[in-house]
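One structure below.
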Amino acid sequence: MLVTLPIRELLPATPRARIVRLDLGGTRFEYSPGQAVLAARHDYPERKPYSIASAPEDAAREDMLELLVGVETDGQPGPHLTLDPGAPVDVEGPVGTFTFPDNPAEQRFGFIAGGTGIAPLRAMLRHALTLAHDDIGVLYSARAPDEFAYEAELRGLAASGLIRLRQTVTRASEVAWYGARGRLDRQALRELILDPATLCFVCGPPALVADVPALLIEIGVPRARIRLEEWS
């Protein structure tokens, strides 16, 4: 499916990412939580992949798609996309097989994200909250304290007791941070995954996606319950 959608709203996410809300204008755009689209400014020859950060329920209710778009130091994502409200964006999709199952046998879910890898996991998380569940945990790793996208939303969900949230910062930063530091390790995952019967979703940079599955297996999670996707 190829549609052209205007940018409804542009919001700050982190110094290196923006939240881009595309107005569906009544267009029916069906997708599974975790899927992506290929997007570029109207008539640009090459589209790039962006995970949809909103759950299908959000899209239907609010008549929009939400993307988390990485930007350069000039605040722009590159020549393929113009981040101006009202600008037309060609959107093709949905694409991708990294998805939340339609009828999961599990009722415990673990979401492990690095960087903008939080985008598809946010869509899955928001969908999971609409289902019967016993526990939802989120472990989010970022390079610096100001690089946690959707941080206020996630902390709000945690404060309300809807999820358990753990955050860790991997690099030294001038921004004050009093939480955990360092790469994700076995202990951090053990604190997140309370039961081996937890369906785990991992999305982030290649190093994180390469390391986390073995650690999850070491703490007892079967490989069949681990879903992976590389993202920056």
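Show me 105-113, 20-28, 123-131 ranked by packing, highest mean number of other Cβ atoms within 10 Å first. Please list the in-between numbers first.
On the way: 105-113: 22.1, 20-28: 17.0, 123-131: 19.6.
Per-residue Cβ counts within 10 Å, averaged per peptide and sorted highest first, yield 105-113, 123-131, 20-28.
For segment 87-212, report the convex hull volume of the alpha-carbon atoms normalised per residue, in Å³, without decimals. Present the calculation step by step, with values, prior to reporting the outcome.
Numbers: hull volume 18.5 nm³, N = 126.
Considering the Cα atoms of segment 87-212, their hull volume per residue is 147 Å³.
Taking the Cα centre as origin and putting +1 on Lys and Arg beta-carbons and -1 on Asp and Glu beta-carbons, what dipole magnitude results for the chain, to the nearest 20 debye? Kindly include the intermediate steps, with their values, before the conclusion.
Working: 24 positive and 31 negative charges, 121 e Å.
Using Cβ point charges on Lys, Arg, Asp and Glu, the chain gives about 580 debye.
How do E92, E147 rank by accessible surface area computed with a 1.4 Å probe, from largest to smallest?
Details: E92 65, E147 30 Å².
Ranked from most to least accessible, the order is E92, E147.
Could you state how much accessible area F100 has, in square angstrom rounded to the nearest 10, with a 1.4 Å probe and all protein chains kept in place?
Near enough 0 Å² of accessible area.
Against the globular-protein guess of 2.2 N^0.38 Å, express the Cα radius of gyration of segment 46-161 as a ratio, rounded to two decimals. Show your work: numbers first, answer last.
On the way: Rg = 15.4 Å, N = 116, 2.2 N^0.38 = 13.4 Å.
Scaled against compact globular proteins, the figure is 1.15.
Once neighbouring chains are kept in place and the probe is 1.4 Å, which whole percent of the accessible area of the chain is contributed by carbon and sulfur?
50
Over the residues of segment 142-224, compute the C-alpha Rg and express it relative to 2.2 N^0.38 Å. Don't skip to the answer; put the middle values down first.
Details: Rg = 13.6 Å, N = 83, 2.2 N^0.38 = 11.8 Å.
This ratio for segment 142-224 stands at 1.15.
Residue by residue through segment 31-42, what is 3J(HN,Hα) from phi via Karplus (6.51 cos²θ - 1.76 cosθ + 1.60, θ = phi - 60°)? Round to whole Hz and write x for glycine and proline.
Ordered by residue, 3J(HN,Hα) equals 7, 9, x, x, 6, 10, 10, 9, 9, 6, 4, 4 Hz.
Taking just the alpha-carbon atoms of segment 97-153, what radius of gyration and Dmax come out, in angstrom?
12.0, 36
For segment 2-99, what number results from the quotient of the Cα radius of gyration and 2.2 N^0.38 Å? Numbers along the way, then the final one.
Numbers: Rg = 12.3 Å, N = 98, 2.2 N^0.38 = 12.6 Å.
For segment 2-99, the normalised Cα radius of gyration is 0.98.
Which entry in [x] 0.94; [y] 1.00; [z] 0.96 matches Rg/Rh (Cα atoms, Kirkwood Rh) derived from the coordinates of this structure?
Here the calculated entry is [z].
Considering segment 20-72, what Rg and Dmax in Å follow from its alpha-carbon atoms?
11.2, 32
Accessible area per residue, 1.4 Å probe, Å², for segment 1-137: what's the number?
On the way: 5860 Å² over 137 residues.
The answer is 43 Å² per residue.
Along the charge dipole of the chain, which of L139, I7, L83 sits closest to the positive end, that is, farthest toward it, with unit charges on the beta carbon of Lys, Arg, Asp and Glu (+1, +1, -1, -1)?
Positive-most Cα among the choices belongs to L139.
Over the chain, what is the percentage of antiparallel beta bridges among all DSSP beta bridges, to the nearest 5? It would help to have the intermediate numbers written out before the result.
Values: 28 of 53 bridges.
Counting only bridges with both partners in the chain, antiparallel ones make up about 55 percent.
Picking from V212, Q187, Y44, whose Cα lies most toward the positive end of the charge dipole for the chain (charges on Cβ: Lys, Arg +1; Asp, Glu -1)?
With unit charges placed on the Cβ atoms, the residue in question is Q187.
The values are calculated or read from the model by the stated rules, or taken from the named source; none is laboratory data. In this text, all values refer to a predicted model and were calculated from it rather than measured experimentally. Cβ: placed from backbone, ideal geometry, glycine included. Neighbour counts: every protein chain shown. SASA here: full protein model, heavy atoms, side chains in, ligands and nucleic acids out. Shrake-Rupley method; radii C 1.70, N 1.55, O 1.52, S 1.80 Å.
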